[in-house]
Amino acid sequence: MSTAIIWFRRDLRLADHPALTAAIQAHDHVLPLYIHAPEEEGEWAPGEASQWWLHHSLEALDTSLGRHRGRLQIVEGPSIDALRAAIRETGATAVYFSRLYEPYLIKRDKAVRQALEEDGVEVISSNAALWCEPWEIATKQDDPYRVFTPFWRNLRTRIDENAPLDAPGSMSLASLSHARPLDELKLLPTRDWARGFGEWTPGEQGAHDMLELFADDGVGHYVEGRDIPARHGTSRLSPHLHFGEISPLQVAAGLRAHAARTKNKPDIEPYLRQLGWREFGHHLLYHFPKTPRENFNPKFDAFRWAKRDRHALRRWKQGKTGIPIVDAGMRELWATGWMHNRVRMLVASLLTKNLRQHWVLGEKWFWNTLVDADLANNAMGWQWVSGSGADASPYFRIFNPVTQSEKFDPDGAYIRRWVPELADAKGRLVHAPWEDEAYLDRSGYPRPLVDLKASRDDALTAYQSLKGARAEAAPVSEE
DNA sequence: TTTTGAGTTGTTCGA
DNA sequence: GTCGAACAACTCAAA
């Protein structure tokens with residue numbers, strides 16, 4: 001009788017799980033193991049919102065395993081010690097896991113693999129998170145891509161081939177004598193926060209429910225709907241994808257199947273293209289592993305950021321910048337652990353361009369407060385907005401939050417929802433309340449932190465100074 | 001090797 | 001109100 005360990009990390013599901021499927025096929029029993037070792041992720045250990053999600057997702061996985069008369073076995077790291085202890089106790093001869101792409105986790109997993117193989121244990125890893133792994137796709141010159149569109153043209157031709165795997169029908173689950181209760185990991189926030197996260201349902205079932213919702217009423221008018229923050233026009237699958245509660249393969253297959261049995265077939269391509277950005281983010285992180293902290297485009301190393309402004313940063317975090325659409329977004333983030341994509345760009349543009357604060361400051365705040373915080377996507381997004389990234393926005397693309405607000409939140413429904421001080425604002429005032437001094441005083445809403453026009457001009461001047469500078473990011477090759 | 005076309009999400013200004 | 005042009009120059013990817 002043979003036993004294998006299935007080492008769960010961010011693949012917290014049972015269906016379309018190649019590692020789990022392979023382990024069950026080759027072994028009589030599997031030990032479902034989760035190792036808590038945040039120190040192995042260093043400065044990018046999960047933030048508070050992510051920990052909240054993780055807690056509930058582990059709980060959901062445990063419940064699913066309960067239907068197979070087993071429990072998720074939770075232990076503390078270091079990972080290699082925990083694996084060796086589990087191997088000693090169960091006599092497991094193999095460890096299965098799904099690959100991760102953060103540079104420090106690639107390094108850790110390599111070390112774990114090597115140590116276990118020296119012990120004579122078989123180690124098998126799989127792809128459970130991406131349509132295409134970062135090293136499987138390259139330009140004709142065999143370089144990593146740095147521009148999205150050609151990357152997507154290439155990737156798009158490869159993603160219709162595979163069908164997702166079914167969840168295992170039955171399996172025999174092993175257990176440990178020293179597993180710990182989930183609560184002991186203390187993943188839930190101690191302060192009174194995260195109550196507003198209740199709209200989310202972490203876990204595999206929650207992920208599929210969200211997909212169904214999006215397939216029914218969302219993907220069909222995604223192109224217009226995704227830009228309206230007052231609506232649920234986006235998929236809201238990002239945290240589910242981050243924790244691997246659902247795979248992009250399942251998402252694409254699910255949308256395709258749903259479209260096939262709908263009368264007027266919705267066009268799912270624009271949404272798939274957005275998932276392509278998720279893949280692109282992983283591609284970039286793998287080939288340019290320093291981009292979570294350093295400019296992708298080294299030309300930006302010469303950029304003159306404004307002096308660090310703690311006061312402004314605090315007001316930005318609290319949603320008290322005095323610019324309604326920005327404050328609405330920052331408050332939505334604090335209340336729900338999530339922010340609409342369009343608004344993410346606006347708050348990031350204000351911080352990095354109007355306030356000229358370094359993009360890493362915003363990246364760190366998002367890391368702590370987003371339930372979907374993902375190193376690849378977060379770094380790519382901040383660098384894109386600040387102009388330092390791959391496929392960076394042109395220097396002159398500085399969002400005007402008032403114009404954007406009028407365009408994408410025309411009646412101010414989103415602002416009124418998150419900024420109640422402005423609930424009764426009339427007409428244009430909901431977007432720019434400072435245009436009526438008397439109203440502004442009455443509302444109790446703060447004056448704007450910056451003059452939008454003057455700060456825009458300042459930012460343009462600062463970007464001018466980069467002209468002529470040139471440099472190029474060099475990819476880091478394997479080994 | 002050289003050339004060519006293109007590059008997620010914008011804003012402002014003047015006709 | 002609507003529309004088109006200007007806003008830099010550079011690098012990427014493919015032919």
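The values are calculated or read from the model by the stated rules, or taken from the named source; none is laboratory data. None of these values were measured; they are calculated from a predicted model. Glycine also receives a Cβ, built like all others from the backbone with ideal geometry; neighbour counts cover every protein chain displayed.
Within the range A:367-410, being within 21 Å of A:MET330 (Cβ to Cβ), of a type in the set (Asp, Glu) and either touching a His at 6+ places or on another chain (Cβ under 7 Å) or at pLDDT below 95 (or both) holds for A:ASP372, A:ASP374, A:GLU406. Flag not set for A:ARG191, criterion: surrounded by fewer than 18 Cβ atoms within 10 Å (Cβ to Cβ), closer than 15 Å to A:ALA252 by Cα and either more than 16 Å from DNA strand B (Cβ to nearest atom) or modelled with pLDDT of 95 or more (or both).
Of the helices (runs of 4 or more DSSP H) lying entirely inside the range A:266-383, those carrying at least 3 residues that are within 17 Å of the chain's Cα centre (by Cα) and assigned by TED's automatic domain parsing to the domain that holds A:GLY244 are A:269-287. Closer than 15 Å to A:TRP382 by Cα and of a type in the set (S, T, N, Q): which single residue out of A:ASN264, A:ASN341 fits that description? Result: A:ASN341 is the single residue among A:ASN264, A:ASN341 that is closer than 15 Å to A:TRP382 by Cα and of a type in the set (S, T, N, Q).
Listed by position, the strands (runs of 3 or more DSSP E) enclosed by the range A:68-149 that each have at least 1 residues that are more than 27 Å from the chain's Cα centre (by Cα) and crowded, with 19+ Cβ neighbours inside 10 Å are A:94-98, A:122-126.
Is the range A:407-417 home to any residue that is within 14 Å of DNA strand C (Cβ to nearest atom), on the phi < 0 side of the Ramachandran plot and of a type outside the set (Phe, Trp, Tyr)?
yes
Restricting attention to the range A:390-406, and to residues there that are touching a residue at least 60 places away in the same chain (Cβ under 8 Å) and assigned to a loop (DSSP other than H, G, I, E, B), which single residue is surrounded by the fewest Cβ atoms within 10 Å (Cβ to Cβ)? Top of the filtered list is A:PHE396. Evaluating A:ALA379 against the criteria (1) without any contact (Cβ under 8 Å) to a residue 12 or more places away in the chain; (2) more than 11 Å from DNA strand B (Cβ to nearest atom); (3) under 27 Å from A:LEU466 (Cα atoms) leaves one unmet condition, (1). For the range A:170-199, which positions are under 29 Å from A:VAL30 (Cβ atoms) and of a type in the set (A, V, I, L, M, F, W, C)? Passing the criteria: A:MET171, A:LEU173, A:ALA174, A:LEU176, A:ALA179, A:LEU182, A:LEU185, A:LEU187, A:LEU188.
Please specify each residue of the range A:139-180 satisfying the condition of being closer than 18 Å to A:LEU275 by Cα, more than 16 Å from DNA strand B (Cβ to nearest atom) and among the hydrophobic types (A, V, I, L, M, F, W, C). Residues satisfying the conditions are A:ILE159, A:ALA163. A:GLU184 satisfies every condition listed in (1) within 23 Å of the chain's Cα centre (by Cα); (2) not in a loop (DSSP other than H, G, I, E, B) except (1). Against the test of being at pLDDT below 95 and away from DNA strand C (no atom under 16 Å from the Cβ), the options A:ALA215, A:ALA163 yield a single qualifying residue, A:ALA163.
Keeping to the range A:431-457, report how many residues are within 16 Å of DNA strand B (Cβ to nearest atom), touching a residue at least 40 places away in the same chain (Cβ under 8 Å) and closer than 18 Å to A:VAL347 by Cα. Break it down stepwise before answering.
Of the range A:431-457, the ones within 16 Å of DNA strand B (Cβ to nearest atom) are A:431-432, A:434-435, A:448, A:450-457.
Of the ones still in play, those that are also touching a residue at least 40 places away in the same chain (Cβ under 8 Å) are A:431-432, A:434, A:448, A:450, A:452, A:455-456.
With closer than 18 Å to A:VAL347 by Cα added as a condition, the list becomes A:431-432, A:448, A:450, A:452, A:455-456.
So the count comes out to 7.
With respect to the conditions (1) part of a helix (DSSP H, G or I); (2) touching a strand residue (DSSP E or B) at 6+ places or on another chain (Cβ under 8 Å), A:GLY244 falls short on a single one, namely (1). Consider A:LEU116 carefully, then state whether it is within 16 Å of DNA strand B (Cβ to nearest atom), touching a residue at least 12 places away in the same chain (Cβ under 8 Å) and of a type outside the set (Gly, Ala, Ser). Judged against the criteria, A:LEU116 is not a match.
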